[in-house]
Each structure stands twice: as C-alpha cells, then as structure tokens.
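Undergrad: Handing you a structure now.
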Amino acid sequence: MKRIEKSALPEHTPREGNIELLRIVCMLIILGHHLAWHGVAMQSPVQQNRVIATFLFAGGMTGVNCFVMITGYFLAPFKAKRFFSTVLQTLFYSVGLTLVMKYTGWNPAITGQNIVDSALIITRSPYWFVVMYLGLNAVLPILQPAVKNLGQCAHLWILIVSAVYLSVIPTVTFQNPSNPFFHQITWFFFLYVLGAYFRKYPNRFTRCWPVHGLVFLGMVTLIAGLCLWGKSYPDLFQRVGSRQNFFADKNALPQVICSIALFLFFTGIRVKPVKALTLLSGASFGVYLIHDHMYFRSMIWGQWAQVWWACQTLDFWKTALLAPLVIYLSCAVMDILRKYLLERPLMKLLSPVFDKIDKYLQI
C-alpha cells in the first residue's frame with residue numbers, strides 16, 4: 001500500500017462531490033433512524049411496518065460514524081472559525097427553537113430553567129453529538145499533527161488495538177461502557193484516526209466500491225435482523241440493560257463494519273460537486289440541530305409527519321420514504337437562510353480574530 005505524502009494532502013481540500021453526497025445520505029439515514037425511534041414506529045401493531053422501522057433504525061449510528069470519519073478523512077486541523085461557528089449555530093437553534101416553542105404556545109410547559117438549560121450546550125446539551133464533536137475539535141491541535149505524521153505500521157497498530165478495545169470486546173461480551181462520556185469521546189478519536197488512514201493509505205480494497213455497497217446492504221440487514229430477533233430473547237441482553245438494539249450501537253462490531261462499508265462506497269465513487277449538492281450538504285449539520293431539537297422533534301414526528309398514525313396503516317412505507325426527504329429539504333432551506341443572513345456577515349467580521357487564534361495554535 002502506498003502512502004500519500006504530506007505534500008499531497010493540501011491544507012484547503014477542494015470540494016469532493018462524493019463526500020458531499022455522503023453527508024446528505026448520512027443525514028437522511030439519521031432522519032430515518034429518528035423517524036423509527038422518536039416517531040415510535042418500531043412499536044407499530046403492523047408486523048411489516050415494524051420490520052421497515054427496524055431497518056430504518058439500524059442505520060442511524062452508521063450515519064453518525066461516517067460523519068466523524070469524514071473529518072478524519074480530510075485530516076481536518078483545528079480551525080477557530082469552524083469551532084466557534086459550530087458553537088454559535090448550536091446556540092442559535094437550541095435556544096431559538098426553545099423560545100419559539102414556548103412563546104408561540106406550541107409547548108407552554110417550557111420553563112425559564114428549560115431555556116437556561118438549552119443555552120448550556122456542553123453541560124446540559126440536548127445534542128450529545130455536538131458535545132463529542134466539539135470535544136474532538138478541541139484536541140485537534142494535538143491530534144491532527146500526530147495522526148498526519150504517523151507511519152503506516154504505527155497507524156494500523158493503533159487502529160487494531162483501539163478497535164479490539166472499543167468494539168470487539170464490548171460486542172462479544174455484551175458489555176456497556178463503565179464511563180459513557182469517556183467511551184464516546186474516545187470513540188470519536190478512533191473514527192477520526194480511521195478516516196485518516198483511509199485517506200493516507202488508499203489501495204485496491206478501499207476503492208472496490210461495488211463490494212462495499214453489497215457489504216453495507218448485508219450488514220444493515222444483519223443488524224435489523226438481530227434487533228428483531230433480540231426482542232424474542234430479552235434474557236440474552238440483560239448485561240446491557242435488556243437493550244435488544246445492542247447491535248445497532250455505534251461501536252458494535254456489525255455497526256462498525258456497516259459504517260466502514262458505506263464510507264468506502266462513497267469514497268470509491270466519483271460525483272461532480274455541483275453547487276446545489278454543496279449547498280444541501282453544507283446544511284446537513286443544521287438539519288440535525290433543527291429536527292432533533294428536544295422540544296421540536298415531538299412536533300415534527302407526532303403532529304406534522306404523523307408517524308404513529310401512518311405506521312398503523314399499510315401505506316407506512318410512503319411515510320418512511322418521503323418524510324426524511326421532506327424534513328431534510330425544509331430544514332436545509334432554513335439553515336441556508338440563517339447562514340447567508342447571519343453567519344457569513346458575523347464570521348467575516350470575526351475572521352481576523354480567528355486567524356490569530358489559528359496561528360497561535362499552529363504546531
């Protein structure tokens with residue numbers, strides 16, 4: 001396997017259409033996961049709808065894993081502008097949507113303490129992914145140069161040891177992490193290092209996208225099957241709190257294989273980075289923040305998409321296909337407007353400050 005030298009990894013990587021499309025697909029998968037989970041479709045009284053919902057649920061953490069691997073794939077360094085724009089974007093939606101829900105009367109039960117909590121995006125965050133992602137970015141001044149300069153043998157050895165400790169052992173022993181926060185942040189570090197390895201050391205296997213596509217479909221089917229099968233044998237899952245969805249967890253070995261397969265499928269194809277694709281992809285994080293807001297999501301899945309009503313009919317498959325797409329497009333439009341009207345002028349004003357921070361932290 002031939003290593004890509006550091007000079008071949010530009011500081012400002014041009015847009016790649018396949019990765020932009022991967023971001024969109026990952027968020028659509030996550031939307032499907034939330035439709036099944038928050039929309040309670042997995043409890044449908046109709047058997048075929050429970051199967052559909054379980055398939056949607058099975059891929060949720062695949063999307064999460066791939067998002068973090070993308071960061072590693074580009075060997076993203078710490079950028080003050082990206083870090084603080086993520087914080088401000090999260091605050092905008094976390095606090096803003098909470099205020100909207102309260103003062104429009106959609107959720108009058110929201111209290112002043114709830115509003116304060118929505119602003120504490122680290123200690124009381126409604127978005128667990130944001131906490132871990134910001135934690136990953138906070139250590140990038142150290143992590144990125146270290147990973148960038150790793151030799152292939154050392155890089156591969158770190159991945160093998162980490163995969164055994166974080167994925168293989170917990171999977172075969174049905175073991176929950178003793179410290180969920182520490183486990184999640186180390187898992188994000190692992191995914192960053194994994195994505196970087198695929199970028200630095202491409203080979204015929206990593207580029208064999210048809211095989212990866214088939215593996216992805218096979219693993220999603222396996223995970224969904226294990227989730228459905230597990231409901232009939234709850235005693236087997238007592239060590240993990242009777243969670244029959246254990247194999248759908250982000251670090252479960254079937255899920256890891258599924259995530260790698262999807263990631264390599266898209267890195268192996270070529271897609272032209274057209275402007276519309278770039279715009280929709282750039283809004284994917286905003287789509288997450290809007291649709292998964294702790295007070296807003298019940299309205300989306302319960303009142304607007306009416307998932308519980310739909311999953312009691314034989315037409316549920318239409319909701320399963322269309323709802324994630326409609327929600328993505330609607331939230332993307334909102335986030336694009338926010339970006340052009342608010343974020344860009346503010347970031348342009350603060351750019352000199354961010355440049356000084358980046359220069360100070362440069363190793």
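None of the figures in this text is laboratory data; all of them are computed from the coordinates on show. What you see is a predicted model, and the numbers here were worked out from it, not measured in a lab. Here the Cβ is made from the backbone with ideal geometry for all residues, glycine too, and neighbour counts use every protein chain on show.
Undergrad: In straight Cα distance, which lysines are under 25 Å from Lys348, not counting same-chain residues fewer than 8 positions off?
TA: The reachable lysines, counting only those whose Cα sits under 25 Å from Lys348, are Lys79, Lys81, Lys275, Lys339, Lys356, Lys359.
Undergrad: Sticking with this structure for a sec: Can you grab the distance from the C-alpha centre of the range 64-141 to the C-alpha centre of the range 206-255, Å, no decimals?
TA: So the separation of the two Cα centres works out to 28 Å.
Undergrad: Follow-up. Which of the trypsin sites (Lys or Arg not before Pro) found in the range 188-233 are in a DSSP loop and have at most 11 neighbouring Cβ atoms, other than their own, within 10 Å?
TA: The qualifying sites are Arg204.
Undergrad: Ignoring GluC sites (Glu not before Pro) that are buried or in helix or strand per DSSP, and keeping those with at most 14 other beta carbon atoms within 10 Å, what is the longest stretch of the chain between them?
TA: Answer from the scan: 12-363.
Undergrad: Need one word for the range 148-229: rounded, prolate or oblate. Basis is the Cα gyration tensor (sqrt eigenvalues a ≥ b ≥ c); a/c below 1.5 gives rounded, then a/b vs b/c decides.
TA: Note, shape of the range 148-229 comes out oblate.
Undergrad: Taking +1 at the Cβ of each Lys and Arg and -1 at the Cβ of each Asp and Glu, which of Ala283, His38, Phe181 sits farthest along the dipole of the range 6-361 towards its positive end, judged by Cα position relative to the Cα centre?
TA: Ala283
Undergrad: Given only helices, namely DSSP H runs of n ≥ 4 each adding -39500 (n - 2.57), what is the per-residue ellipticity at 222 nm of the chain, to the nearest 500 deg cm²/dmol?
TA: Mean residue ellipticity, 222 nm, calculated: -21000 deg cm²/dmol.
Undergrad: Which whole-percent values make up P(r) of the range 6-361 when all C-alpha to C-alpha distances are grouped in 20 Å steps starting at zero?
TA: 27, 61, 12
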